[in-house]
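No value in this document is a laboratory result; all are computed from the given coordinates. Just so it is clear, the model here is predicted, and its values are computed rather than measured. Please note: Cβ atoms are built from the backbone with ideal geometry, for glycine as well, and neighbour counts cover all protein chains shown.
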Amino acid sequence: MVYRIRVSDRTAFKRCRRAWDLGSRNRQNFEPNSAPGVINLERAVRDALAVYYFPGMWEWSRTIVQPLVHKALERSVQSQTQAQTDAHAQQEALDRGHVLLDAYAAWAPTVDHFTPLRIETDFEVDIPDPTAPGASLVTPDGEPIQYTDRVDLLAVDDDDAYWVIQHRLVVDQWAADDALQLDERTIAWCWAWPQFYLGMRVAGTMYNEIRADPGEPSTIVPSQVAGQHHVRHRRMYARSTAVPRERVHAEGTESFRRTRIPRDEAELAAAGTDLAVEADAATSTSLKIYPTPAPEICPRCSYRPPCLLLNEGGDAEAELTLSYRHRAPEPVLEEGRLGGVAWSMNRGAAPPRWPERS
């Protein structure tokens with residue numbers, strides 16, 4: 001058995017322990033019986049960009065690739081469609097997505113100074129024990145504790161520097177520089193990747209922001225668009241000797257922005273330590289469960305009804321039985337998913353995948 005910490009677990013644990021306790025796969029594993037039929041346009045655009053940056057098609061003409069990108073958008077939106085999803089909302093998401101992708105394809109070649117290597121790659125890594133060098137964290141029951149997530153894009157630049165890239169849909173304002181510098185999810189990608197792919201040092205993070213506000217996205221004059229950037233003789237084991245020193249470098253238009261932030265060894269080590277401290281607290285036998293009521297948390301929480309019952313000193317079991325269900329186990333591999341891999345290259349044979357904790 002393995003205790004897996006997902007990015008959703010980290011977020012929920014720090015936001016509200018009661019909601020985390022009810023919803024985490026490592027805890028009570030409840031989800032609402034019926035979720036609202038809301039289309040996640042960011043998820044759909046990310047699926048489409050996985051096709052756009054698919055390494056095996058990077059040298060293809062964009063006139064061939066772009067129709068495949070749009071098909072990926074349509075498949076993603078359709079896969080999210082439920083019986084209660086409004087048909088108008090679905091079409092609106094598709095229309096908006098198609099416009100964004102066409103404008104993005106005109107802008108991206110001006111800033112894509114890299115070659116994609118991996119897209120939508122899942123990883124699982126042991127969390128080192130900061131109190132015992134050379135050892136990994138385990139639960140009080142002796143189960144290994146692993147951190148798992150999915151990297152949107154891994155790319156290499158002309159200096160043999162590797163970068164992890166996150167795609168984001170933005171409404172209203174670009175993310176503040178401070179928020180990007182402190183973004184724990186992508187820093188954790190940089191920390192985890194050298195353990196997942198032994199010997200590869202990630203230079204830093206790039207944030208690929210796409211404005212999703214209503215209205216037509218701005219772009220550039222087509223005659224100014226350059227072709228795809230290709231890094232020749234890329235080596236998956238190389239380490240860059242020319243990592244940019246500028247802390248935050250951003251470029252873009254009113255509708256698109258690319259921000260690059262190098263990450264140094266001290267920053268990555270601190271990220272690993274922070275993750276270990278959180279993992280140790282979450283698996284402690286003396287962990288206390290309590291709510292964190294706040295206006296920015298409770299209105300969108302899926303566990304308000306049982307939380308209110310527990311706050312009143314009542315029993316939430318009947319409400320959980322009536323309105324919630326246990327999540328089905330996650331598939332070992334999502335069959336047919338672009339970028340899906342069973343185990344990292346450069347690691348030998350994959351270990352057995354034990355069942356999820358019940």
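The order of LYS288, LYS14, going from fewest to most other C-beta atoms within 10 Å of their C-beta, is LYS288, LYS14. Residue by residue, region 255-271 carries 3J(HN,Hα) couplings of 10, 9, 9, 10, 10, 10, 9, x, 10, 9, 4, 5, 5, 5, 4, 5, 5 Hz when phi is fed to the Karplus relation 6.51 cos²θ - 1.76 cosθ + 1.60 (θ = phi - 60°); x denotes Gly or Pro. Database remark: amide H of ILE127 closer than 5 angstrom to the amide H of LEU137, ILE145, TYR147 (H placed geometrically; neighbours at sequence offset of 5 or more, or on other chains; Pro and chain starts carry no H). In terms of surrounding Cβ atoms within a 10 Å radius of their Cβ, PHE196, PHE114 rank from fewest to most as PHE196, PHE114. Annotation: extensible slack from HIS98 through ASP159 equals 18.6 nm (criterion: 0.36 nm per residue apart, minus Cα-Cα distance). Taking amide hydrogens as placed 1.01 Å from N in the peptide plane, the amide H of ILE39 sits under 5 Å from that of no residue at least 5 positions away in sequence or on another chain. By the count of neighbouring beta-carbon atoms within 10 Å, fewest first, TYR197, TYR290, TYR147, TYR53 end up ordered TYR290, TYR197, TYR147, TYR53. For SER218 and GLU42, a Förster radius of 22 Å and the Cβ-Cβ distance give a FRET efficiency of 0.65, rounded to the nearest 0.05.
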